[in-house]
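Remarks on the structure that follows.
The values are calculated or read from the model by the stated rules, or taken from the named source; none is laboratory data. Everything quoted here is computed from the prediction, not taken from an experiment. When we count neighbours, we look across all protein chains shown, and the Cβ atoms used for this are built from the backbone with ideal geometry, even at glycine.
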Amino acid sequence: VGGDLGLKSLLNLSDSYKEPIHHFEDKYRKKLHHWEKLRSRRYLLAKQAIAWDYHNKVLAPRQLDDFKNYQKARVMVAKYRQKIANQRLDQLQKFTTKLVKQYDIIVLEKLNIKGMLKNHKLARAITNASWSKLVSILQYKCDWYGKKLIQVNPAYTSQICINCGKNNHRLGLDKSEWLDVREWDCPNCGTRLDRDINAAQVILKKGLATQ
């Protein structure tokens, strides 16, 4: 199977299945925001109190560990972030196990994720998708189950028509416009294509060609 990593769906497979991205942080957004505000406010107050102690040459100036309200807020923020991380990891573990049990060869695109994170408009969505974690889990599970993970160059995978092989170069659109296109008609053969599924099928074809 071929897989196209995405921001609308976690992984789009060449057999047309799309694994959804669950926004686990939405469940805890209000509580997390509440405790993050409290943590920031209490941190500033604690730093001011510590500075006052040093200014007045107190023999035993207070440290951050001495401010119980700040420590409570810090722990609560960590607690909710851990809940979100655990739920995201649970999805990845279950989905990757399903993949390696169902398929012998899995082909993904090899993305420069670190470079993509420099795009501040997409960084949060990419982080939420956990692409790096997905690939690393998939790799060691493929090793466990004796399956094969292949990663290919992602260049033009969303622009090549799987039906005729024509590279349509984003249909003449600029990059920002092309990112919004979810379906398109190949100008060469007229085939109606789902952008993500087509990309996954092209990725699969590329991967199998290396064998």
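Which of the residues that make up region 74-119 are in contact with a Gly (Cβ under 9 Å, 6 or more places away or on another chain) and of a type in the set (D, E, K, R)?
Selection gives 104, 109.
I'm trying to understand the selection: among the residues of region 169-209, which are among the β-branched types (Val, Ile, Thr) and surrounded by 20 or more Cβ atoms within 10 Å (Cβ to Cβ)?
Let us first name the residues in region 169-209 that are among the β-branched types (Val, Ile, Thr), namely 181, 191, 197, 202-203.
Correct list: 197, 202, 203.
Quick check, is residue 95 in contact with a helix residue (DSSP H, G or I) (Cβ under 6 Å, 6 or more places away or on another chain), surrounded by 11 or more Cβ atoms within 10 Å (Cβ to Cβ) and not basic (Lys, Arg)?
Values: in contact with a helix residue (DSSP H, G or I) (Cβ under 6 Å, 6 or more places away or on another chain): no; surrounded by 11 or more Cβ atoms within 10 Å (Cβ to Cβ): yes; not basic (Lys, Arg): yes.
No: the conditions fail for residue 95.
Just one of 124, 81, 74, 88 is in a helix (DSSP H, G or I) and modelled with pLDDT under 90; which is it? Can you show your working first?
Values: 81 fails: modelled with pLDDT under 90; 74 fails: modelled with pLDDT under 90; 88 fails: modelled with pLDDT under 90.
So the residue among 124, 81, 74, 88 that is in a helix (DSSP H, G or I) and modelled with pLDDT under 90 is 124.
Could you tell me which of the residues 118, 31, 133 is among the basic types (Lys, Arg), closer than 30 Å to residue 13 by Cβ and touching a helix residue (DSSP H, G or I) at 6+ places or on another chain (Cβ under 8 Å)?
Details: 118 fails: touching a helix residue (DSSP H, G or I) at 6+ places or on another chain (Cβ under 8 Å); 31 fails: closer than 30 Å to residue 13 by Cβ.
Among 118, 31, 133, only 133 is among the basic types (Lys, Arg), closer than 30 Å to residue 13 by Cβ and touching a helix residue (DSSP H, G or I) at 6+ places or on another chain (Cβ under 8 Å).
From the residues in region 135-161 that are among the hydroxyl-bearing types (Ser, Thr, Tyr) and not in a helix (DSSP H, G or I), which one is surrounded by the fewest Cβ atoms within 10 Å (Cβ to Cβ)?
To start, the set of residues in region 135-161 that are among the hydroxyl-bearing types (Ser, Thr, Tyr) comprises 136, 140, 145, 156-158.
Narrowing further to those that are not in a helix (DSSP H, G or I): 156-158.
Working: 156: 14, 157: 21, 158: 23.
Among them, the one singled out is 156.
Determine whether residue 114 is without any contact (Cβ under 8 Å) to a residue 12 or more places away in the chain and in a loop (DSSP other than H, G, I, E, B).
Working: without any contact (Cβ under 8 Å) to a residue 12 or more places away in the chain: yes; in a loop (DSSP other than H, G, I, E, B): no.
Here the answer is no, as residue 114 does not meet what is asked.
Can you list residue pairs whose Cβ atoms sit under 6 Å apart, with the first residue in region 23-51 being closer than 12 Å to residue 64 by Cβ and the second being in a helix (DSSP H, G or I) and among the β-branched types (Val, Ile, Thr)? Count only pairs 6 or more apart in sequence or on different chains.
As it stands, the answer is 39/77, since those pairs meet every condition given.
Are any residues in region 41-92 surrounded by 13 or more Cβ atoms within 10 Å (Cβ to Cβ) and polar (S, T, N, Q), and if so, which ones?
Once the filter is applied, which keeps residues that are surrounded by 13 or more Cβ atoms within 10 Å (Cβ to Cβ) and polar (S, T, N, Q), region 41-92 yields 69, 71, 87, 91.
Could you check how many residues of region 111-122 are under 23 Å from residue 140 (Cβ atoms) and surrounded by fewer than 12 Cβ atoms within 10 Å (Cβ to Cβ)?
So the answer is 2.
Can you name the residue in region 176-194 that is polar (S, T, N, Q) and part of a loop (DSSP other than H, G, I, E, B) and is also farthest from the chain's Cα centre (by Cα) among such residues? Outline the logic, then answer.
Start the filter on region 176-194 by keeping residues that are polar (S, T, N, Q), which leaves 176, 188, 191.
Of the ones still in play, those that are also part of a loop (DSSP other than H, G, I, E, B) are 188, 191.
On the way: 188: 34, 191: 30 Å.
The selected residue is 188.
Tell me yes or no: at least one residue of region 14-25 is surrounded by 15 or more Cβ atoms within 10 Å (Cβ to Cβ) and assigned to a helix (DSSP H, G or I).
Yes; the residues of region 14-25 include at least one that is surrounded by 15 or more Cβ atoms within 10 Å (Cβ to Cβ) and assigned to a helix (DSSP H, G or I).
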